[in-house]
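All remarks here apply to the structure that follows.
The values are calculated or read from the model by the stated rules, or taken from the named source; none is laboratory data. Bear in mind that the values here come from a model prediction, so they are computed numbers and not experimental data. Please note: Cβ atoms are built from the backbone with ideal geometry, for glycine as well, and neighbour counts cover all protein chains shown. The area values use the complete protein model at the heavy-atom level, side chains included, leaving out ligands, DNA and RNA. Shrake-Rupley method; radii C 1.70, N 1.55, O 1.52, S 1.80 Å.
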Amino acid sequence: MNRPLIKEYSFSGEEYDELRRIIGDRVGIALSDGKRDLVYSRVSRRLRARGLSSFAEYLALLRRGDEEELAELVNAMTTNVTQFFREAHHFEYLMSRMLPEVIGEGSRDKVIRIWSAGCSSGEEPYSIAIVLAEFLDRHPGWKGEVWATDVDGAILRQAEEGVYSIDRLKQVSRDRLRRFFLKGSGPNEGKARVGKTLRDLVQFERVNLIEKWPVRNRFDAIFCRNVIIYFDRSHKGQVVEGFSEHLRPVGHLFLGHSESLHGLTNRYRLIGQTIYRLR
Ligand SMILES: C[S@@+](CC[C@H](N)C(=O)[O-])C[C@H]1O[C@@H](n2cnc3c(N)ncnc32)[C@H](O)[C@@H]1O
């Protein structure tokens, strides 16, 4: 795509540095020099939305601590790419290896708890919930809870709504579509909405991973996939070490396909393709 030669706003190196420092401090996202054009294009939209004429004005607003705009900035800077059953081997492992092991564990309550940290528009937690629902069918007496969190308030509202166009549901089998989704009609033609079984299993909450987490229970598994890849090194380490304190002894941590704990912590051991468990 051709980029315009003349930019609508001037954007100095100092302004970029200040903006990336603010973003880094807020959400841990590390922005390299090469991300300057991306930041320009995403933040320009905020300048337009606020009717501002320069990055200097925008930064002044942020410096005054405008919380609403700081949240909008975070929403603009997060990358929300996701899909149902992304990295399918994780869901196969969950169904065939991890969940049977969990229920084989000695004395414990009969609730399986899974955290989807950085859940974006909901495809990940709903995929987990589908597997959990199918597993629970065969294990009466057990319950499941999926805690789905993200720092981006706008994407979290979409996730909670749970409405997807049919082309985003390609990875969901026909049988699962029939059982877990409601087909839209009229203005919702071509879309499907998650049904009650999944809604009852998933609870959404806005959580910033680099702040204190309102965790209430220990988890059997934490899915934090394609999230820490955007973080600077010290936040990566802080977050994965933090997870280890909220996992049950048999707990598993699932990372994204190009993420690794190498050099970040030694609290886990690798047991499968980007699947870790506590030592
Ligand atoms: C690329 S998506 C990954 C979605 C899903 N986990 C997957 O693998 O398909 C990354 C998500 O992490 C969220 N995120 C980024 N920084 C975060 C932070 N500090 N706290 C919580 N979520 C964050 C973004 O808002 C975004 O929705």
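Phi angles across the stretch 259-269 convert, under the Karplus curve 6.51 cos²θ - 1.76 cosθ + 1.60 with θ = phi - 60°, into 3J(HN,Hα) values of 10, 8, 9, 3, x, 9, 7, 10, 7, 10, 10 Hz, Gly and Pro given as x.
Gyration tensor analysis over the Cα atoms of the stretch 13-77 returns equivalent ellipsoid semi-axes of 16, 13, 11 Å (largest first, whole Å). At a probe radius of 1.4 angstrom, the accessible area of the stretch 1-127 per residue rounds to 50 square angstrom. Of the trypsin sites (Lys or Arg not before Pro) found in the stretch 128-159, those that fall in a DSSP loop while having at most 12 other beta-carbon atoms within 10 Å are Arg138.
Select from the stretch 176-218 those trypsin sites (Lys or Arg not before Pro) which occupy a DSSP coil region and have at most 10 other Cβ atoms within 10 Å, ordered by residue number. Loop-located and lightly packed - Lys212, Arg216.
Per-atom-type breakdown for the chain gives carbon and sulfur 48% of the accessible area (1.4 Å probe, protein chains only). Looking at the stretch 38-114, the GluC sites (Glu not before Pro) that sit in a DSSP loop and have at most 11 other Cβ atoms within 10 Å of their own Cβ are Glu105.
The helix-based estimate of mean residue ellipticity at 222 nm for the chain, built from -39,500 (n - 2.57) per DSSP H run of four or more residues and divided by its residue count, is -11500 deg cm²/dmol to the nearest 500. Would you work out if the stretch 115-184 is rounded, prolate or oblate? Take a ≥ b ≥ c from the square roots of the eigenvalues of the alpha-carbon gyration tensor; rounded if a/c is under 1.5, else prolate when a/b is larger than b/c, oblate otherwise. Verdict is oblate for the stretch 115-184. Of the residues Gly34, Ile128, Val240, the one whose Cα sits farthest towards the positive end of the charge dipole of the chain is Ile128 (charges of +1 on Lys and Arg Cβ, -1 on Asp and Glu Cβ, taken about the Cα centre).
A straight Cα-to-Cα reach below 21 Å connects Lys7 with the lysines Lys35, residues fewer than 8 places away in its own chain not being considered.
Rounded to the nearest 5, what % of the DSSP beta bridges within the chain are antiparallel ones? Of all bridge pairs located within the chain, approximately 40 percent are antiparallel.
What would the Debye equation give as log₁₀ I(q)/I(0) for the chain at q = 0.08, 0.13, 0.16 Å⁻¹, counting only Cα atoms as equal point scatterers? The Debye formula, applied to the Cα set alone, gives -0.38, -0.93, -1.25.
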